[in-house]
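Nothing in this text is a laboratory measurement; each read-out follows from the coordinates by a stated rule. Keep in mind it's a predicted model, so treat the numbers as computed, not measured. For neighbour counting, all protein chains shown are included, and Cβ atoms are generated from backbone atoms with ideal geometry for every residue, glycine included.
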Amino acid sequence: MMDSRFSSRAFWRTLIAIVAMASLSACGGNKPPAVPPGNSAPDQFLFQRANDAMTRQRWLDARKYFQQIVDNYPQSALRPDAKLGVGDSYLEEGGDANLVLSENEFREFIQFYPTNARADYAQYKLAMTHYRRMRRPERDQTETTAAVREFEVFFDRFPNSMLTPEVREKWREARSRLSEASYRVGLYYFRARWYPGAIDRFKEVLKDDPGYPARDAVYYYLAGSLLKTEKKAEAVPYYDRLVKEFERSEYLVDARKKLETLAPQ
């Protein structure tokens, strides 16, 4: 049987090729104006046109200008930025096919320009191509997992980047999406009275994401699951953590009552 990873890579390479060919075909009848004769800085002319088109959200026009620089001016100092511009145009235009193409552009940038001053930007936007494809917590989390992975590559490679605060905010959203997905599975097990499964899921959330903002619910239901399996001594610390770490929570009142009953002073 063909290796599933190879099959997946082949699928995405084929999709990228098909969409790229379709895009080029669509561009054929609407070519951007040629560089004016005698222009001493054609790459700068094209770059300015591309940025103007991006400002007006004319993604296809912007992409054609950027692509001209990438294809026709290999020695231009603007070529790396133009490569990023192609990726940005796909990313901002959106849609699954465009996001796949955007991902490819940013990966190529990192491959071709690993030491470029904007490599951190490329890695951030690469992560964002997955972030934009994230699904709701109850759905498949493949893209969320990929987004978290690429954000963490950013943190490892560019610890001093000025983009870090913005990237960390997006990472937190993606990481919380994964934790929410696991928490919901645990809550389903809890309600189905399969407490061992619930305990495993809730502990997984706390281990993988100790900063999960909604961990008060995790503490509460983990403690409850432990009580249901006659593990009082293990349950008490989670109620205690809930009370100590959260000034506001819908679970506070009941958690305090549980502590008074289970661990009277």
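Which entries of Lys203/Lys232; Lys203/Lys231; Lys207/Lys258 show an alpha-carbon separation above 18 angstrom in the structure shown? Don't jump to the answer; show the numbers that get you there.
Working: Lys203/Lys232 16 Å; Lys203/Lys231 14 Å; Lys207/Lys258 24 Å.
Check vs 18 Å cut-off fails for Lys207/Lys258.
Near Asp240, within a Cβ-to-Cβ distance under 11 Å, what is the net charge of the other residues, with Lys and Arg +1 and Asp and Glu -1? In short, +3. In this structure, Asp140 and Ala117 have a Cβ-Cβ separation that, at R0 = 35 Å, corresponds to a calculated FRET efficiency of about 0.45.
Rounded to a whole number of µm²/s, how large is the Stokes-Einstein D of the range 71-229 at 25 °C and 0.890 mPa s, given Rh as the Kirkwood radius over C-alpha pairs? Before the final figure, lay out the partial values.
Details: Rh = 17.3 Å.
The calculation lands on 141 µm²/s.
Let a ≥ b ≥ c be the square roots of the eigenvalues of the Cα gyration tensor of the range 70-164; is it rounded (a/c under 1.5), or, if not, prolate (a/b larger than b/c) or oblate? Cα axes put the range 70-164 in the oblate bin. Net length available on complete extension from Glu230 to Glu169 is 18.0 nm, with 0.36 nm assigned per residue and the Cα-Cα distance removed. Checking every one of the trypsin sites (Lys or Arg not before Pro) in the range 159-265 against DSSP loop status and a limit of 11 other Cβ atoms within 10 Å picks out Arg193, Arg248. Using only Cα positions of the range 67-116, each an equal point scatterer, no hydration layer, compute I(q)/I(0) via Debye at q = 0.20, 0.30, 0.32 Å⁻¹ and quote the log10 values to two decimals. So the normalised log intensities work out to -0.64, -1.10, -1.16.
For the range 139-242, which semi-axes, largest first and in whole Å, follow from the square roots of 5 times the eigenvalues of its Cα gyration tensor? The partial results should precede the final answer.
Numbers: eigenvalues 189, 44, 17 Å².
The three semi-axes for the range 139-242 are 31, 15, 9 Å.
Each 5 Å bin from 0 upward holds the following percent of the Cα-Cα pairs of the range 215-265: 4, 26, 37, 23, 9, 1.
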